[in-house]
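Trainee: Handing you a structure now.
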Amino acid sequence: MKRRIAAALLAAAAAPALAADIDSIQLLSQNEFRLLSEDLGAALSFKPLIPSEALDITGFDLGAAVTGTKLKNTAVFDKATSGGDIPSVLPVPTLRLHKGLPLNLDIGVAFSQVPGTNIRYTGGELRWAILPGSTLTPAVAIRGTLTRLTGVDQLDFETKGLDISISKGFANVTPYGGIGQVWVKSTPRGVPGLRGEDFTQTKVFGGVNVNFGLANLAFEADSTGGTATFGAKLGFRF
């Protein structure tokens with residue numbers, strides 16, 4: 001899985017610099033708007049990039065990540081944008097912060113700006129480790145997530161998610177995985193003739209976190225609505 005993630009992220013990094021704003025949604029048909037919304041749901045819904053076990057009450061996890069989503073509808077993206085072509089693998093960099101809370105709860109936030117575009121989003125998660133895990137047993141967590149797109153004047157767009165995940169540490173390596181649902185709400189703004197789209201996407205994800213003391217690396221593969229995303233995060237835990 002690590003090789004697939006690395007290959008996808010290298011492809012995203014090697015893509016030409018983006019220079020494309022989503023500002024031509026009025027050119028889309030209703031079906032094309034739905035396809036655009038599905039790809040955005042896969043790319044911009046919250047990606048965990050962290051195992052299931054809770055940080056302790058004094059714990060922090062600060063990291064930088066990049067995900068690459070294999071778009072299914074690049075022609076639709078190109079039609080909805082001006083100033084350049086969207087690559088087939090959309091890179092989404094994020095800055096992330098997780099903080100441990102009492103009762104095996106963690107809260108996390110993420111901020112993103114896709115370079116060369118008007119795509120920006122903020123996101124967050126609240127995760128409860130219903131089984132905290134131990135040296136012998138895995139951790140199991142329930143997570144609620146929210147992301148909201150900003151910067152695109154023609155579009156109100158948000159996702160909400162709910163998933164359950166499991167992880168188990170072995171020395172400094174912790175594999176994890178989960179399944180859930182993503183609810184997408186995509187509403188054109190100031191675009192006559194197009195109506196909003198509300199739909200759900202099934203989410204399946206798996207990854208591995210490798211800890212090096214204060215630093216840790218996470219690699220993750222995600223399928224949301226059948227669209228693949230691969231991601232990596234460098235974090236510092238203290």
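Trainee: Below 14 Å, Cα to Cα, which aspartates and glutamates can residue 72 reach? Residues fewer than 8 away in the same chain don't count.
Mentor: Correct list for residue 72: 32, 38, 39.
Trainee: Mind checking the angle between helix 2-14 and the chain's longest principal axis? C-alpha axes, 0 to 90 degrees, to the nearest 10.
Mentor: Result, in degrees: 40.
Trainee: Find how much the distance from residue 136 to residue 23 grows on full extension, using 0.36 nm per residue of separation minus their present alpha carbon separation; answer in nm with one decimal.
Mentor: Computed gain between residue 136 and residue 23 is 35.4 nm.
Trainee: Run down the lysines and flag those whose C-alpha is under 25 Å from the C-alpha of residue 99, throwing out any fewer than 8 positions away in its chain.
Mentor: The qualifying lysines are 47, 160, 168, 203, 233.
Trainee: At a threshold of 8 angstrom on Cα-Cα distance, excluding pairs fewer than six apart, so keeping six or more, what relative contact order does the chain reach in percent?
Mentor: 23
Trainee: What number comes out for the charge environment of residue 96, summing +1 per Lys or Arg and -1 per Asp or Glu over other residues with Cβ under 10 Å away?
Mentor: 0
Trainee: Leaving ligands, DNA and RNA out of it, work out the accessible area of residue 230 with a 1.4 Å probe and give it in Å² to the nearest 10.
Mentor: Approximately 30 Å² of residue 230 is accessible to the 1.4 Å probe.
Trainee: If I take R0 = 30 Å and measure r between the Cβ atoms of residue 57 and residue 156 in this structure, what FRET efficiency does the formula 1/(1 + (r/R0)^6) give, to the nearest 0.05?
Mentor: Efficiency for this residue pair is about 0.25.
Trainee: Which order do you get for 134, 223, 24 if you rank them by accessible area with a 1.4 Å probe, largest at the top?
Mentor: Most to least solvent-accessible, the answer reads 134, 223, 24.
Trainee: While we're looking at this one, here's another question. Compute, for residue 66, the solvent-accessible surface of its heavy atoms (probe 1.4 Å) with the complete set of protein chains present, and express it in square angstrom to the nearest 10.
Mentor: Approximately 50 Å² of residue 66 is accessible to the 1.4 Å probe.
Trainee: List the lysines whose alpha-carbon lies under 19 Å from that of residue 79, not counting same-chain residues fewer than 8 positions away?
Mentor: Result set, ordered by chain and number: 70.
Trainee: Helix-derived [θ] at 222 nm for the chain: sum -39500 (n - 2.57) over DSSP H runs of at least 4, divide by residue count, nearest 500?
Mentor: Rounded to the nearest 500, the figure is -4500 deg cm²/dmol.
Trainee: Just to confirm a number: summing +1 for Lys and Arg and -1 for Asp and Glu over residues other than residue 52 whose beta-carbon lies under 14 angstrom from that of residue 52, what do you get?
Mentor: For residues surrounding residue 52, the net value is -3.
Trainee: Follow-up question, since we're still on this one. Given [x] 136; [y] 106; [z] 244 as candidate values of volume of the Cα convex hull per residue in Å³, which corresponds to the one derived from the coordinates?
Mentor: Identified label for the calculated read-out: [y].
Trainee: Enter the accessible area of residue 117 (Å², nearest 10), with the probe set to 1.4 Å and all protein chains included.
Mentor: Its heavy atoms expose roughly 10 Å² to the probe.
Trainee: What does the charge add up to near residue 24, with Lys and Arg as +1, Asp and Glu as -1, over the other residues with Cβ less than 15 Å from its Cβ?
Mentor: Within the 15 Å Cβ shell, the charges total -4.
Trainee: To continue, here is another question. What is the distance in Å between the Cα centroid of segment 210-232 and that of segment 133-188?
Mentor: Spelled out, the Cα-based centre of one part sits 12 Å from the other.
The values are calculated or read from the model by the stated rules, or taken from the named source; none is laboratory data. For clarity, every value in this text was computed on a predicted model and none was experimentally measured. Cβ coordinates were reconstructed from backbone atoms using ideal geometry, including for glycine residues, and neighbour counts include every protein chain displayed. Surface areas here come from the heavy atoms of the whole protein model, side chains and all, with no ligands, DNA or RNA. Shrake-Rupley method; radii C 1.70, N 1.55, O 1.52, S 1.80 Å.
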